[in-house]
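Below is one structure, written out as structure tokens, with a few remarks after it.
The values are calculated or read from the model by the stated rules, or taken from the named source; none is laboratory data. Quick caveat, the model's predicted, so the values are computed rather than measured. Note: ideal-geometry Cβ built from the backbone for every residue, glycine included; neighbour counts use all protein chains shown. When the accessible area is computed, the model is the full protein with side chains, heavy atoms only, and any ligands, DNA or RNA have been set aside. Shrake-Rupley method; radii C 1.70, N 1.55, O 1.52, S 1.80 Å.
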Amino acid sequence: MVWLRHNLVLDRLAVPIVLAPLAGGPSTPELTAAVSNAGGFGFLAAGYLAAPALAERLERTRTLTDAPVGVNLFVPGTPAPPQTLDGYAARLADDARQAGVELGAARFDDDDWAAKLEALTTTPVAVVSFTFGCPEPEVIGRLQVAGSEVWVTVTRPSEARQAVDAGADALVVQGAEAGGHRASFRDDPAEDETGGIGLLSLLQLVGAQADLPLVATGGIATGRAIAAVLAAGAAAAQLGTAFLGCPEAATAAVHRQALTGGAPTATTRAFTGRLARGIRNRFLDRHSAAAPVAYPEVNHLTAPLRQAGRAAGDPGLVNLWAGQTYQLGRQLPAGQLVRTLAEEARAALQEACERLGPPAAAEDEGPAGGHP
Ligand SMILES: Cc1cc2nc3c(=O)[nH]c(=O)nc-3n(C[C@H](O)[C@H](O)[C@H](O)COP(=O)(O)O)c2cc1C
């Protein structure tokens, strides 16, 4: 489908700023539409939604904007061996008792994968992006034939190569600074020691070998950082945490409140069974070391606890997803935030150009070229 690559959404954006999909509450049609209407590109999160709920949200988004929007899907994994969960469930029993809830059933599911793909094939959007894996080339091809571009999120060079080979149109390059889940194709605790690859490093590594447009994501909260990733070769910057404070986001009150504090972030599997970055709190500190690799089983297991925490206003029980620069968040309407960030990025790039000065004159121009 070479022809599709000529007129990519990324080449047509007025502003190279992408709203990250923000599953689990914050994502709303209003937020998506506000970013796309401001000349950026808004994603709607489809993670944790059944196909009919996604269709409803897309329909609502369509009433709010004519601009292109995207949908993000989680690529399903494989069930964890059942005994993996027993010890962890026993460990959480006290928290459940204290919160006055029963733990959820630690079940596996594929997040309604086939039905959502089917819906997106019938009613295509401009871009479908994927997280937690690379879909089969057949799936990518089907979406492209339906008229969508396919972006695959990668966290290391080997994943980028796989996505290129599978036929992706663009890569979302996620640095380890990112808030929320690490998008790795496989969540491998053996790699925890490395801490993951930071965004600027990853952009350079992926850019050196993948000849596709790159969307940089992870820890970008200012126009300066947008300027930095554009200078490093990205076609756009995707921001997640920076939009959590917008009035259009349905971010839980306890989460909003925590974003105004200063506690450090950490990565953890305690809430969902998959590595994710959030603001450190009681639950994260107490259970991270014991949490198994079992997604989405652990996500279902802890759901009632997180729900109880949100309802009672207890941030200690809630997954407070946030990237490493969350302290720089601004509570502006999303469209205004996009415009402000774009202005800041322009100013930062200009400042950087001025610092570099004019190009050095060519050697053969002689002493007049500025070399005494
Ligand atoms: C609350 C929250 C929910 C997220 N949900 C998704 C999601 O559904 N799909 C996805 O690909 N990434 C998701 N992410 C990760 C973002 O796509 C992105 O990689 C991350 O927000 C970038 O780092 P930043 O938060 O520092 O901007 C989420 C991030 C946050 C903070």
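Overview of values
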quantity: Volume of the Cα convex hull of the chain, divided per residue and given in Å³; calculated: 154
quantity: Spin-label model distance (nm) - R224 vs E354, 7 Å beyond Cα toward Cβ; calculated: 1.5
quantity: The stretch 167-248: trypsin sites (Lys or Arg not before Pro) falling in loop per DSSP and having at most 16 other Cβ within 10 Å; calculated: R186
quantity: Euclidean distance between Cα centres, the stretch 155-223 to the stretch 277-293, Å; calculated: 23
quantity: Carbon/sulfur fraction of accessible area - the stretch 169-317, other protein chains in place, 1.4 Å, %; calculated: 52
quantity: Sparsely packed GluC sites (Glu not before Pro) within the stretch 97-186, loop by DSSP, other Cβ within 10 Å at most 14; calculated: E102
quantity: Cα-based helix-to-principal-axis angle, 334-356 vs the chain, degrees rounded to 10; calculated: 40
quantity: Packing rank of 308-315, 260-267, where each peptide gets the mean count of other beta carbons within 10 Å, highest leading; calculated: 308-315, 260-267
quantity: Relative contact order of the chain, defined on C-alpha pairs under 8 angstrom at six or more residues apart (%); calculated: 18
quantity: Cut-off 16 Å (backbone N to label point 7 Å along Cα→Cβ of E118), residues of the stretch 40-70; calculated: 50-56
quantity: ³J(HN,Hα), Karplus 6.51/-1.76/1.60, whole Hz, each residue of the stretch 224-229, x for Gly, Pro; calculated: 4, 5, 4, 4, 4, 6
quantity: Label-to-label distance, nm, for residues given as V145 and A208 (7 Å Cα→Cβ offset); calculated: 3.8
quantity: Where the stretch 1-144 is the region considered: accessible area per residue in Å², 1.4 Å probe; calculated: 45
quantity: Label zone at E191 (point 7 Å along Cα-to-Cβ), backbone N below 16 Å, the stretch 151-174; calculated: 152-164, 172-174
quantity: Cβ-defined net charge surrounding I140, 12 Å radius [Lys, Arg +1; Asp, Glu -1]; calculated: -4
